[in-house]
Amino acid sequence: MEFTKMHGLGNDFIVVFGEKQLPADAAELAVKWCNRFFGIGADGLVYILPSEKADFQMRIMNSDGSEAEQCGNAIRCVAKYVYDHGHVTSEHITIETIGAGVQPVTLNVLDGKVATVRVDMGEPILDGLQVPTTVDANPVVDYTIEANGQEFKFTAVSMGNPHAVIYVDDAVNFDLSTWGPVLEVHPMFPKKINVEFATVRDRGFVDMRVWERGAGPTLACGTGACATLVSSVLNGHTDRTAVISLKGGDLHIEWNEADNHVYMTGPAEVVFKGVTS
């Protein structure tokens, strides 16, 4: 099978185009191919499939074989792939996701190739039970959670997939490997959770590090950056437009007051192409 290795700010994917539907063994293939020692190596396996609702459908298998409802970095890679390969000619396309529905995408094209992608990520879900969490509140802001004797305060946001945003003194050097896996599977999160640790530097800039559900620590998370901006607005930390700085680079996020939609802008890159054995 032919594949293209791509990344969005270091959050990397094995992208496959041409299948008519998600293969029955997609979960097994994701575990095998995403292995960084015995496989291709990636955070996830992404299939670009036909859609009856949009230009294309995106399905994402995490490196542990679980399926992600949505992924902001992957959707930028998908948009770049279909344009750069001539499968679409418009700079305004739509991509169907299983968790966030159909999402409009605007492409910034330079010299015939996509340089950056702006994605309408839709409206954030703030109701605690819908995120989902076990907290019956809307919104869930600065809520106390205890894990291994340590108390944290989190804000819950769904961008089609669940996020818990926690503010810490130093997100850049935070101990992800200790607290990420514990919080991901906390009983307060019935479908597990993506955990963002954030430090606000000013009203327009936030440092963020992420522990992704099903993938562990990654260099970037697009939906996590969106959730962090929404959380920061709800907590009064930032304006509605800010740079969310991840380990792999920066994303520009806007929570538009007029339509309540979150907009994410960032790059996507091709690393190499290959054929699986």
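Points to keep in mind about this one:
- Listed residues G10, N35, I60: farthest to the positive end of the dipole of the stretch 1-88 (Cβ charges): G10
- Diffusion coefficient of the stretch 139-204 by Stokes-Einstein, Kirkwood radius over Cα pairs, 10 °C, 1.306 mPa s: 128 µm²/s.
- From the Kirkwood radius over Cα pairs of the stretch 103-182, Stokes-Einstein at 25 °C and 0.890 mPa s returns a whole-number translational diffusion coefficient of 162 µm²/s.
- Backbone phi angles across the stretch 23-28, fed through the Karplus curve with coefficients 6.51, -1.76 and 1.60 (θ = phi - 60°), yield HN-Hα couplings of x, 4, 9, 4, 5, 5 Hz in residue order; Gly and Pro are listed as x.
- For F174, neighbours were defined as the other residues whose beta-carbon sits under 14 Å from its Cβ, and their charges (Lys and Arg +1, Asp and Glu -1) total -3.
- Filter on K53/K191; K153/K192; K20/K53; K80/K273; K247/K273; K32/K113 - keep pairs with C-alpha separation over 20 Å: K53/K191; K247/K273; K32/K113
- Mean-square fluctuations from a GNM of the chain, with a 10 angstrom spring cutoff on Cα atoms, peak among D43, D175, D127 at D175.
- Selection from P190, V140, N173, by position along the positive dipole direction of the stretch 61-201 (Cβ): N173
- The stretch 165-277 shape via C-alpha gyration tensor axes, a/c threshold 1.5: oblate
- A simple charge model with +1 on the Cβ of Lys and Arg, -1 on the Cβ of Asp and Glu and nothing else charged puts the dipole of the stretch 170-247 at about 200 debye relative to its Cα centre.
- Projecting the alpha carbon convex hull of the chain along each direction and taking the average yields 14.2 nm².
- Overall form of the stretch 1-58 per C-alpha gyration tensor (a/c, 1.5; a/b vs b/c): oblate
- The stretch 1-76 - share of DSSP beta bridges that are antiparallel (%, nearest 5): 70
- Percentage, to the nearest whole number, of Cα pairs in the stretch 44-180 over 22 Å apart: 50
- Accessible surface of I93 - all protein chains present, 1.4 Å probe, nearest 10 Å²: 10
- Taking max minus min of the alpha-carbon positions on each principal axis, the stretch 45-115 gives extents of 37, 24, 16 Å, largest first.
- DSSP beta bridges in the chain [antiparallel fraction, %, rounded to 5]: 80
- Structure remark: mean-square fluctuation, Gaussian network model of the chain, C-alpha springs under 10 Å; the largest value among T116, T178, T228 belongs to T178.
- Within the accessible area of the stretch 40-100 (1.4 Å probe), percent carbon and sulfur: 41
- Summing charges over neighbours of R209, with a neighbour being any other residue whose Cβ is under 12 Å away from its Cβ, gives -4 when K and R count +1 and D and E count -1.
- Among the GluC sites (Glu not before Pro) in the stretch 231-277, those placed in a DSSP loop whose Cβ has at most 11 other Cβ atoms within 10 Å are E257.
- Ordering of 25-37, 101-113, 160-172 by packing [mean C-beta count within 10 Å, highest first]: 160-172, 25-37, 101-113
- Amide H to amide H, with H built 1.01 Å from N, A137 comes under 5 Å of G128, L129, counting only residues 5 or more places away or on other chains.
- Placing +1 on the Cβ of every Lys and Arg and -1 on the Cβ of every Asp and Glu, with no other charges, gives the stretch 134-203 a dipole of roughly 240 debye about its Cα centre.
The values are calculated or read from the model by the stated rules, or taken from the named source; none is laboratory data. Quick caveat, the model's predicted, so the values are computed rather than measured. Positions of Cβ are backbone-derived with ideal geometry, glycine not excepted, and every protein chain shown enters the neighbour counts. Accessible surface is based on the protein model in full, side chains and every heavy atom, while ligands, DNA and RNA are left aside. Shrake-Rupley method; radii C 1.70, N 1.55, O 1.52, S 1.80 Å.
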